[in-house]
Structure formats: C-alpha cells, structure tokens
Amino acid sequence: MPELLSLLSGVIITIMNGVNAGLQSLFGDSVAVMLIHLVGLICIIPFAWRKIDLHQGIPWYFWSGGLIGILTIVFSNIAFSSLSMTLATAAALSGQTATSLWIDTAGILGSRKIPFDWRRIISLIFILAGTGAIVLWG
Amino acid sequence: MGMILILAFISGVTTVLSRTLNAKLSESIGSKSSTLVNYIVGFSGALLFFLVTGAKINHPAQPLTVRDLPYFSGGLLGVIVVFLAILLVPRLPAYSMTLLLFLGQLFSGIAFDFFKTGTLSTGKLIGGILITIGLFISNPPKRKSLDRQSAT
C-alpha cells in the first residue's frame, strides 16, 4: 500500500509540476512560488490549526523542511531552464538516489539501517542503465 | 554547465532531506501540523526570496479568466504530496520511495505526452522498465508493508 501511494504521489507531482509551470509563466517564478505556498497554506490551515508545543526539545533543523523545499524549487528552476529536461532529471535523480542510499545505509535520523549489499549494488546498476536510456534516447 | 549539473544534483539532495525532516518533525507534532509547518516556513522562505530577488511581478499579458483557475491548483496538490510524503517516509526505505516517486512521475509523464502529442518515447519507456527492475531487485523480501521502520 505505501508503494502504491508513492507511485500515486509521483503522478500527482507530474500534474503539479505542469500547473505550477503555467503559473510561473503567468506571474514570474518568485511570485508563483509565493502564490503556490499561499494556496497551500489556505488548504492546510483548516485541517491543522491547533496549538503546536514548541518546547519539546525538537532539534531546530527538524523545522527546516519547508525552507529546504524552497531550495529544491530554486535549484530545480535554474537547472530545468538551462539543461535539457532529461539531463536535469537525471542529475536530480542522482542526487535523490545518493541521499536515499546514504540515509538507508547509515540509518540517518533514526531510519531503519539497510546495508548497501549486493542486491542494492545490482539494483543501482539497473538504475544507472535506466537513467542512461532516458538521457540518451528519451 | 557543470555548475548547473551540480545544482540539479543538490536539488535532489534537498528533495529527500526536506521530506525526511518533515517526517521526523511529524513524530513530535503530528503529520498535519508538520505539513502546516512546512508551508509556514516555506512561504516565509518564498517571500524572502521574492524580496531578495527584486520583488519582480510579471503582469499576465491578458486578464485572468476562469480558464486560468487550474494553474492555481498547484498549492493544493503540493499539500497532498507533502502530507503523503510525511506519512510514507517512515514506512518505506528512502531508496524505494525515491524510485517509486520517480517511476510514478516517469510513467505518468510518458502517458500525458502520449495523450497530448501521440508520441511515445522509447528511451523513457525502456529506462522506466530498467529502473522498475532495479527497484524490484533492491526490495528486501518478506517485509510487511505497513510496519513502521523506526530503529527503536
């Protein structure tokens, strides 16, 4: 079930990127990003408006996900406007894969440690081959 | 171009980091609150970026009509994506989640291109199949999907 939801999320991301690109051409990049977050806020506030205890001893960087997300948007915008779509996608996927492997192998942030075993090495070869096919013939 | 490739790579790093941090935060304050925090902090960052880059507003060439409404749905879709990610991060290995998200994007992209232009990219299709095989190879056997995976 989590696997299916992840696939579904990928589909939603495709649609989202499409409509967001439209917004960017209407208003410009930086305004669009603000608008997107504003609409997002309006959508989530009715469901999440409650007191948040700020003094639970939560590490400060746990709160920074949204800010790091802005970096994602800024860097993606630069990359996708300068590189071919497949090349930018391949580079971004490489970053995601490297980070994911690091998180899994080292058990970062309390996640389950999954060793970088032969299974994953062979898997990675297929990922590289697949990414290569997309870049070269996509 | 090398610098831009590095930026693209880093965007991938930040993608994974932000959802992982949001998920960690949700352990203390819940998934809906963590989604809210993501958007409060994100909006602040977007506002800052807007001001720092010269507060440029592109005025649309034509007045907005109801036909432009779908372009504003990205915010809602983003909330769904962020919220789903917060729920899914503890339930999947990061590597699997990355590949599944990518495959969802890739195959839907291929489908949308096909319905829009009638063309089918064989490179993307072959690439998608290879990546899918890679995903299946990496999946540890006999793991119940609904288990949370925290190391405690």
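Nothing in this text is a laboratory measurement; each read-out follows from the coordinates by a stated rule. Quantities reported herein were computed from a predicted structural model and do not represent experimental measurements. Every residue, glycine among them, receives a Cβ derived from its backbone with ideal geometry; neighbour counts consider all protein chains shown.
Side notes on the structure shown:
- Cα centroid separation, region B:2-20 to region A:37-115 (Å): 10 Å
- Computed [θ] at 222 nm, deg cm²/dmol, chain B (DSSP H ≥ 4; -39,500 (n - 2.57); rounded to nearest 500): -24000 deg cm²/dmol
- Cα gyration tensor, region A:1-92 - rounded (a/c under 1.5), prolate or oblate: prolate
- Three semi-axes of the equivalent ellipsoid, chain B, Cα gyration tensor, whole Å, largest first: 30, 25, 17
- Test item: Cα-centred dipole of the protein assembly as shown, Lys/Arg +1 and Asp/Glu -1 on Cβ, debye: 560 debye
- Phi to ³J(HN,Hα) by Karplus 6.51 cos²θ - 1.76 cosθ + 1.60 over region B:48-60, Hz, x for Gly, Pro: 4, 4, 4, 5, 5, 8, x, 6, 7, 10, 7, 8, x
- In order along region B:93-105, phi translates into HN-Hα couplings of x, 4, 4, 4, 4, 4, 5, 5, 4, 5, 5, x, 5 Hz, rounded to whole numbers, per the Karplus curve 6.51 cos²θ - 1.76 cosθ + 1.60 with θ = phi - 60° and x for Gly and Pro.
- For region B:102-141, the square roots a ≥ b ≥ c of the C-alpha gyration tensor eigenvalues yield an a/c of 1.5 or more together with a/b exceeding b/c, which makes the shape prolate.
- Karplus-derived 3J(HN,Hα) values for region B:8-22, using 6.51 cos²θ - 1.76 cosθ + 1.60 with θ = phi - 60°, are 5, 4, 4, 4, x, 4, 5, 4, 5, 4, 5, 6, 5, 5, 4 Hz; glycine and proline are entered as x.
- Global geometry of the protein assembly as shown, whether rounded, prolate or oblate, following the gyration tensor of its Cα atoms and the 1.5 cut on a/c: oblate
- Among B:128-138, A:108-118, the order from most to least packed when residues are scored by Cβ within 10 Å on average: B:128-138, A:108-118
- Förster radius 45 Å - calculated FRET efficiency between A:W60 and B:T122 (Cβ-Cβ, nearest 0.05): 0.40
- Cleavage-rule hits, trypsin sites (Lys or Arg not before Pro), region B:24-123, DSSP coil, Cβ neighbours within 10 Å at most 14: B:K56
- The loop-placed chymotrypsin sites (Phe, Trp or Tyr not before Pro) in region A:42-87, going by DSSP, that have at most 15 neighbouring Cβ atoms within 10 Å of their Cβ come out as A:W49.
- Charge dipole of chain B about the Cα centre (unit charges at C-beta), most positive-ward option of B:N139, B:V13, B:L25: B:N139
- Farthest positive-ward along the protein assembly as shown dipole, Cα basis, beta-carbon charges - from B:L64, A:G95, A:V74: A:G95
- Normalised by residue count, region A:72-138 yields a Cα convex hull volume of 75 Å³ per residue.
- The distance between label points at B:F136 and A:D117 comes to 1.9 nm (points 7 Å beyond Cα on the Cα→Cβ vector).
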